[in-house]
Amino acid sequence: MAADGQNAASKLEVILGREGVRRLGESTVMVLGLGGVGSNCVEALARGGVGRLVIVDHDVVQESNINRQAIAFHSTVGRKKTDVMRAMIADINPDTAVVAHDMFVLPDNLGGLFDEHENAFDYVVDAIDTVSTKLALAALAQERKIRLISSMGAANKLHPECFRTADIYETVNCPLCRVMRKEARKRGIERLRVLYSCEQPVETAAAEGAQRRERTNLGTASFVPPIMGQMLAGEVIRALSGIGQDRESVDSAMKLADSIKPNRRESGSVRASGADAGGARVSKAAGKGVR
């Protein structure tokens, strides 16, 4: 504990309460995939005080990951993602229990993974890319009544304000969601909570001579996957702590903000009426109505 009496959980206790922090400390969360979304989600869960984290990935850190992944630095290139993530968690919260699985997640091995942990997950976060595995995971979570949230596509997106949490059947403008909706219906998946972007993807060109399966037309902004990961962690932390579950008040606040029309005078250029020793002085008229 620091000299001022504060510790790593002090600020969490202010907003979540001691009981909320206690619940998080007793929770187990599994995150599948440690890419741009998953690694940032795990970091936030560790900082948020989740007591036990199960992390799953088989990749190594590559230089092309540096623009978006929490575990990607020049010093970690070539290392196993699970090893780097485990070390980061220990540095953030040494009390967090970590179980790392260095494995490809496939439809055929998901059941065994859940069995190994006796389905003892309070929440599961899907941050993997493969549609077939995402669908198998959704079906398994439904069958075993385990809470799941699934990340949809982050590629070719630039506006985080377009992120939404919704049921998969209530999504728009997301190519991955379109495929997931169609296939989920076929598999009898009744509902699936997802984080997706309602933004139309930015149009990009594939590299000359590249095959479609290489997906060279998919780019990622440095800020988009991390924000998605943080938002996923937020969903989990609110649910497990029992704090911040009043969606009605949040929806009302968002509707109010969206309903405000920009003031023409405010949105235009501000004309300086004079200057003093400190620089431009804005007239009183120009400053009226600023919120």
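Could you give every pair whose Cβ atoms fall below 6 Å, whose first residue belongs to segment 55-80 and is within 16 Å of S222 (Cβ to Cβ) and open to solvent by 50 Å² or more (accessible area, probe 1.4 Å), and whose second residue is assigned to a loop (DSSP other than H, G, I, E, B) and among the β-branched types (V, I, T), counting only separations of at least 6 or pairs across chains?
Note: pairs meeting the criteria are E63/V77; R68/T220.
Starting from segment 222-236, take each residue that is of a type in the set (S, T, Y) and list its partners that are surrounded by fewer than 19 Cβ atoms within 10 Å (Cβ to Cβ), counting only C-beta distances under 9 angstrom and pairs at least six apart or across chains.
Between residues of segment 222-236 that are of a type in the set (S, T, Y) and residues that are surrounded by fewer than 19 Cβ atoms within 10 Å (Cβ to Cβ), the close pairs are S222/N67.
Which members of segment 101-132 meet the condition of being open to solvent by less than 60 Å² (accessible area, probe 1.4 Å), assigned to a loop (DSSP other than H, G, I, E, B) and β-branched (V, I, T)?
Listed by number, the residues that qualify are V105, I128.
Where residues in segment 1-35 are closer than 19 Å to A120 by Cα and among the charged types (D, E, K, R), which of them is surrounded by the most Cβ atoms within 10 Å (Cβ to Cβ)?
Looking only at segment 1-35, we keep the residues that are closer than 19 Å to A120 by Cα, and these are 22-33.
Checking which are among the charged types (D, E, K, R) leaves us with 22-23, 26.
Numbers: R22: 16, R23: 21, E26: 12.
The selected residue is R23.
Please verify whether A127 is in contact with a Gly (Cβ under 7 Å, 6 or more places away or on another chain) and at pLDDT 95 or above, treating the condition exactly as stated.
yes
If a residue counts only when it is at pLDDT 55 or above, within 30 Å of G17 (Cα to Cα) and open to solvent by 60 Å² or more (accessible area, probe 1.4 Å), which helices (runs of 4 or more DSSP H) contained entirely in segment 189-291 have at least 3 such residues?
Numbers: elements: 224-241, 247-259, 264-267, 284-287.
Counting at least 3 such residues, we get 224-241, 247-259.
Out of the residues in segment 1-47 meeting the condition of being among the β-branched types (V, I, T) and farther than 17 Å from M88 by Cβ, tell me which one is farthest from the chain's Cα centre (by Cα).
V14
The values are calculated or read from the model by the stated rules, or taken from the named source; none is laboratory data. All of these numbers come straight from a predicted model, not from anything done at the bench. Cβ atoms come from the backbone with ideal geometry, glycine included; neighbour counts cover every protein chain shown. What goes into the accessible areas is simple: the full protein's heavy atoms, side chains included, and nothing from ligands, DNA or RNA. Shrake-Rupley method; radii C 1.70, N 1.55, O 1.52, S 1.80 Å.
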